[in-house]
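Asker: My structure is below; once you've seen it, I'll send some questions.
The values are calculated or read from the model by the stated rules, or taken from the named source; none is laboratory data. Predicted, not measured: the structure shown is a model, and the values here were computed from it. When we count neighbours, we look across all protein chains shown, and the Cβ atoms used for this are built from the backbone with ideal geometry, even at glycine.
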Amino acid sequence: ETGVTQTPRHLVMGMTNKKSLKCEQHLGHNAMYWYKQSAKKPLELMFVYNFKEQTENNSVPSRFSPECPNSSHLFLHLHTLQPEDSALYLCASSQFGGGNNEQFFGPGTRLTVL
Amino acid sequence: RKEVEQDPGPFNVPEGATVAFNCTYSNSASQSFFWYRQDCRKEPKLLMSVYSSGNEDGRFTAQLNRASQYISLLIRDSKLSDSATYLCVVNHDRGSTLGRLYFGRGTQLTVWP
């Protein structure tokens, strides 16, 4: 069982809705990540937080808004999404300075935008 | 050019077979290398790190060729439970910068009885 949890596991939303994805890590890590995984495409890094500070925004549209209130929690706020945003959204954590940067993934939120 | 390239497969092999996956990466400054495994509709999980001298973990052997920027994974005596997608992953960052992982598309393996 992974030490990274995500809720909800499944989400269906309309283009005008606002929703949030939640991630929590129980591993004592200091870095957290959001990834997007679409069918037949590699994992795409969206955001990186290191010690609660956002260190990377990989050209993600503003309809995705991350929030990291502390080193254990990470949110992804969603608003006015498009159908092409339907994908599996994965959260991961790692220990910065821990050597090989092994990342531990949560189970993901499968998002469908209607 | 993609950061990490893999043959997407699918590879369909019988139980007991030996199967090899290959991967190439574009950035010669890459520092760390991994194979992750992703089961259908599940999250990726680290299978093994890949070291310069090559390394083995049970039925799994990983090799790295820095000169050719090439990584491989060999699975011997395949089991039904090995059916999954295998992701080649590299880390380009050095030293004090936060490690960023680059993922390949994955190679799909199905082991049949």
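Asker: Criterion first (assigned to a strand (DSSP E or B) and either more than 8 Å from chain B (Cβ to nearest Cβ) or touching a strand residue (DSSP E or B) at 6+ places or on another chain (Cβ under 7 Å) (or both)) does residue A:90 satisfy it?
Answerer: When the stated conditions are applied, residue A:90 passes them.
Asker: Another question, if that's okay. Exactly one of these conditions fails for residue A:39: (1) surrounded by fewer than 18 Cβ atoms within 10 Å (Cβ to Cβ); (2) assigned to a loop (DSSP other than H, G, I, E, B); (3) under 14 Å from the mean Cα position of the chain (by Cα); (4) within 12 Å of chain B (Cβ to nearest Cβ). Give me its number.
Answerer: (3)
Asker: Only one of (1) over 19 Å from residue A:42 (Cα atoms); (2) of a type in the set (Val, Ile, Thr); (3) away from chain A (no Cβ under 11 Å); (4) within 13 Å of the chain's Cα centre (by Cα) fails for residue B:18. Which number is that?
Answerer: (4)
Asker: Any residue in region B:85-100 that is over 30 Å from residue A:55 (Cβ atoms), within 12 Å of the chain's Cα centre (by Cα) and either modelled with pLDDT of 95 or more or more than 9 Å from every other protein chain (Cβ to nearest Cβ) (or both)?
Answerer: Step one: list which residues in region B:85-100 are over 30 Å from residue A:55 (Cβ atoms), which gives none.
No, that holds for no residue.
Matching residues to (1) without any contact (Cβ under 8 Å) to a residue 12 or more places away in the chain; (2) aliphatic (A, V, I, L, M); (3) closer than 26 Å to residue A:30 by Cβ:
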{"position": "B:34", "(1), (2), (3)": "no, no, yes"}
{"position": "B:62", "(1), (2), (3)": "no, yes, no"}
{"position": "B:65", "(1), (2), (3)": "yes, no, no"}
{"position": "B:74", "(1), (2), (3)": "no, yes, no"}
{"position": "B:85", "(1), (2), (3)": "no, no, no"}
{"position": "B:105", "(1), (2), (3)": "no, no, no"}
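Asker: How many residues, within region B:73-82, are surrounded by 15 or more Cβ atoms within 10 Å (Cβ to Cβ) and of a type in the set (Gly, Ala, Ser)?
Answerer: 1
Asker: Right, another one. Can you name the residue in region B:39-72 that is within 11 Å of the chain's Cα centre (by Cα) and within 12 Å of chain A (Cβ to nearest Cβ) and, of all such residues, is surrounded by the most Cβ atoms within 10 Å (Cβ to Cβ)? Walk me through it before giving the result.
Answerer: Pass one, region B:39-72, residues within 11 Å of the chain's Cα centre (by Cα): B:46-50, B:60-64, B:70-72.
Of the ones still in play, those that are also within 12 Å of chain A (Cβ to nearest Cβ) are B:46-50.
Working: B:46: 16, B:47: 20, B:48: 18, B:49: 17, B:50: 24.
Per the stated criteria, the residue is B:50.
Asker: Answer with yes or no whether residue A:66 is closer than 22 Å to residue A:18 by Cβ, surrounded by 14 or more Cβ atoms within 10 Å (Cβ to Cβ) and of a type outside the set (Ser, Thr, Tyr).
Answerer: Judged against the criteria, residue A:66 is a match.
Asker: Tally the residues that are over 11 Å from the mean Cα position of the chain (by Cα) and either more than 9 Å from chain B (Cβ to nearest Cβ) or surrounded by fewer than 18 Cβ atoms within 10 Å (Cβ to Cβ) (or both), restricting the search to region A:6-36.
Answerer: Residues flagged as over 11 Å from the mean Cα position of the chain (by Cα) and either more than 9 Å from chain B (Cβ to nearest Cβ) or surrounded by fewer than 18 Cβ atoms within 10 Å (Cβ to Cβ) (or both) within region A:6-36 amount to 18.
Asker: Considering each of A:46, A:15, A:32 in turn, give the residue that is modelled with pLDDT of 90 or more and within 24 Å of residue A:113 (Cα to Cα).
Answerer: A:46
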